[in-house]
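The values are calculated or read from the model by the stated rules, or taken from the named source; none is laboratory data. This is a predicted model, so every value here is computed, not measured. We work out accessible area using only protein heavy atoms, side chains counted, and drop any ligands, DNA or RNA first. Shrake-Rupley method; radii C 1.70, N 1.55, O 1.52, S 1.80 Å.
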Amino acid sequence: MPKINAPTVAEHRAQRLRALLEAARVLVAEQGPEALTLSALATQVGLSRPSLYEYFRSRDDLVAAMVEDELPRWITELDAEVHRHPAPADRVAAFVHTQLRMLSDGRHTALVVLAGHALGPAAQDRIMAEHARLFAPLVSALTDLGIDHPDLRARLIQGIVTAATPMLGADELANRRVIDAATHQAVHGL
């Protein structure tokens, strides 16, 4: 029986899962999304590929687990920033601005790229279920503004974020221009 490094087997599995997800993030950050395979991850962490099947059935399952792991932190940070602003239009601006700032700092870029790759329907469903929580503060702000069809409008505003994302890079001034333009478009395009 393998040695566990925690007081319980459940805690050991949770620690191992965290380590696997972090190693997967590093692999993507260093080598790109195409490099993320179960074989590459197994090599990265020094496990056999069959050992990874205890955690992930496929690459799609791994990507979905990475997004599911990161998205709650993303939502918490975004929600906190949006709710710092009492005026609904300022909350819409904060929603766009905060997401693009988070993307420009590089912490979340790998997951966005991975989530955009062709995934199977089950993985897409898992990711979309998490994304529904992302839009709640924006839908609330749009509702407070009296905007018709706030759910639809929230998705269209997210489209602005999605369109701006590939324009972000290493140039901080250029990023600021993109973020400001996207934020202005979202708020004043209502």
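Of note:
- Using alpha-carbon coordinates, inclination of helix 9-31 to the longest axis of the chain, degrees: 70
- Cα long-axis angle, helix 172-188 against the chain (0 to 90 degrees, to the nearest 10): 60
- Taking all protein chains as shown and a probe of 1.4 angstrom, residue 13 keeps an accessible surface of around 90 Å².
- Between the labelled values [x] 0.99; [y] 0.94; [z] 1.04, the entry that holds Rg/Rh (Cα atoms, Kirkwood Rh) as derived from this structure is [z].
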